[in-house]
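To start, the structure under review is shown below, and the notes come after it.
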Amino acid sequence: MTQGQTDRKRVGEAVRTLATGLWLPALFLAGLLFSYLPAFHHPAPHHVSIAVAASPAATAQLQHELDVAVPGGFTLRPTADAAEARAAVLHLSALAAYVPGGPHPLLYGAKANGAALEPVIRQTFAAVAERAGGTLAFRELVPTVPGDAPGTSLLYVVLSCVVAAYFMVITMQRAVGFDRRAHVATSIGWGAVTAAVAYLTAAYLVQAIPPNPLYLLYLFLVTQAVSLTAYGLVPFFRGFFPGIAITLFVLLGVPSSGGAVPVQLLPGFFRFLHPILPMGNATDALRSVGYFGNRQLLRPTVVLCAWTAAGVTLILLGYLRQQRRLAQEAADQTMTEYVPRPPAEDPTVMLPEPVALAPHQHHFGDEEPMLTGRVTDPSGQPLPGTTVTVIDPHGRQLVRTRTDRNGEYAATGFSEVVAVVIAIMPGRPAAVTQLLLDPAAPVNQDIVLGAPLPETREPDGSGP
């Protein structure tokens, strides 16, 4: 290979390394710029539902007036009287209620249903009252708790659970020896702990949300919707699953949640996503539980359960897909010496490249060895300095190490692979062993090298 070819190869490897390492930060950059900015930079009302205590004709006339001033901004519906209009706000069928007539037309609002939306509604109907020759009076029906003046605490409570669930899946990919059942059990346990900590902190320590034990259910559901779905994506998208999960649950989930900016002030794309993604439904559920007497919980409950069920389905499909692949590999490869225990776990994206380890010298936080063993002679004596090489089915070297003074070796960082282990010591016949390396099932493979080979001599009797 010429120097130019070598240089080009190095440049290509550097580019691939950079692309591998920077695609996720690039996704974050693009997501924040092209998701958060379009959602939040210019909030404007879209089809804000207002109950009006007036006749259908008077309501239609007022609708026409608003359509001219704020096209598509408000949707009015007539009610029989002020009591019915007020009830519409309390039952979440309207975001505000307007009672026209007299020198002081009355507007009922609900800050808990969108702190940033209430000033927009008040400003709009103050102008309506002024054009009618009156001065708008305002009454708050559902204020937020004193510790949540901006009305955004529900978003941060939900976001804390979503991010904790996402990073649990990421970090648990490093858990060598954890099969699917252990991962799912961890998801459930961590979700329960996360929901409890988030609720107790927000309700009692910070006093940013109303105390209501039903919050625990919906916070737990959103952790399961995120963690099980993210984990279910692993076998299908491998190294790209973090980007897909973070896009669904954070980069798109936060802007469309309605927690930072009310849904009615968002562009159409994010209003479309709001009833679909977990964060929007969890935020709606918490708002209903805390401020509106558990009304209109059906849709958030069904959607969060559907995401959880989708995650479970992905996990099962990944298991069946892997079983088929393992069966095919078993048909193609003749397994010797070792039969792994099921169930095997999918390769993880967070494990390092295969590396050799010093036997028995592992500290807290270090990767656990996936392959260990001892090389001895036929009498059981250790053979220090033996070269142990692990190669994949295509002949590519995965790792090479040497045995220590006790004849022991160790390595880790393998994805699930049918590998060949070769032990070589000068003067003895090599030993070759084929086995399945599996992140979920650490392997101990002892190797016995044969007796020393007899020295060969030339025909004239001279030795080597």
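The values are calculated or read from the model by the stated rules, or taken from the named source; none is laboratory data. Quantities reported herein were computed from a predicted structural model and do not represent experimental measurements. We place every Cβ from the backbone using ideal geometry, glycine too, and count neighbours over all the protein chains shown. Each accessible area value is taken on the protein alone, full model and side chains, heavy atoms only, with ligands, DNA and RNA left out. Shrake-Rupley method; radii C 1.70, N 1.55, O 1.52, S 1.80 Å.
Where does segment 26-69 land on Rg(C-alpha)/(2.2 N^0.38 Å)?
1.95
Stretched out fully, how many nm does the piece from C305 to I188 gain, at 0.36 nm a residue minus the Cα gap?
Working: separation 117, 0.36 × 117 = 42.12 nm, distance 1.38 nm.
Answer, rounded to one decimal: 40.7 nm.
I'd like the FRET efficiency for E84 and R174, computed as 1/(1 + (r/R0)^6) with the beta carbon distance as r and R0 of 56 Å, rounded to 0.05.
Given R0 = 56 Å and the Cβ-Cβ separation, E is 0.45.
Restricting to Cα pairs below 8 Å that are 6+ residues apart, what does the relative contact order work out to for the chain? Please round to a whole percent.
13 percent
Percent relative contact order of segment 182-256, based on C-alpha pairs within less than 8 angstrom and at least six residues apart?
27 percent
Which percent of the accessible area of the chain is formed by carbon and sulfur heavy atoms (probe 1.4 angstrom)? Mind showing how you got there, number by number?
Working: 14260 of 22600 Å².
Carbon and sulfur: 63 percent of the exposed surface of the chain.
Please give, to one decimal in nm, the separation of the simple spin-label points placed at A69 and S93, each 7 Å out from Cα toward the Cβ.
Between A69 and S93, the simple spin-label model gives 2.6 nm.
At a Förster radius of 35 Å, what calculated FRET efficiency corresponds to the Cβ-Cβ distance of Q381 and A327, to the nearest 0.05? Don't jump to the answer; show the numbers that get you there.
Working: r = 40 Å, r/R0 = 1.15.
Computed FRET efficiency for Q381 and A327 comes out at 0.30.
Could you work out the local net charge near L155, counting Lys and Arg as +1, Asp and Glu as -1, over the other residues with Cβ closer than 12 Å to its Cβ? Provide the component values of the computation, followed by the final result.
Working: positive: R287; negative: D148, D284.
The answer is -1.
Using 7 Å Cα-to-Cβ label points, what is the V448/R131 separation (nm, one decimal)?
Result for the modelled spin labels: 9.7 nm.
At q = 0.13, 0.20, 0.25 Å⁻¹, what base-10 log of I(q)/I(0) does the Debye formula yield for segment 120-168 when every alpha carbon is treated as an equal point scatterer in vacuo?
-0.55, -0.78, -0.91
Can you give me the P(r) profile for segment 377-443? Cα pairs, bins 10 angstrom wide beginning at 0, each as a whole percent.
20, 52, 26, 3
Give me the angle, in degrees from 0 to 90, between the Cα long axis of helix 298-332 and the longest principal axis of the Cα atoms of the chain, rounded to the nearest 10.
On a 0 to 90 degree scale, this one is about 20.
May I ask you to compute the full-extension gain from L216 to A430, defined as 0.36 nm times their residue separation minus their alpha-carbon distance, rounded to one decimal in nm? Mind showing how you got there, number by number?
On the way: separation 214, 0.36 × 214 = 77.04 nm, distance 6.06 nm.
Gain in length upon complete extension: 71.0 nm.
Taking only Cα atoms of segment 99-246, what ratio of Rg to Rh do you get with Rh as the Kirkwood inverse-distance radius?
Expressed as Rg/Rh, it is 1.21.
Excluding ligands, DNA and RNA, what is the solvent-accessible area per residue of the chain at a probe of 1.4 Å, expressed in Å²?
49 Å²
Rg over Rh of segment 160-298, using C-alpha atoms and the Kirkwood radius, what does it come to?
Reported Rg/Rh, Kirkwood definition of Rh: 0.99.
Counting every Cα pair in the chain, what percent are over 40 Å apart?
43 percent
May I ask you to derive the FRET efficiency for A358 and Q123 from their Cβ-Cβ distance with R0 = 60 Å, giving the value to the nearest 0.05?
Calculated transfer efficiency: 0.30.
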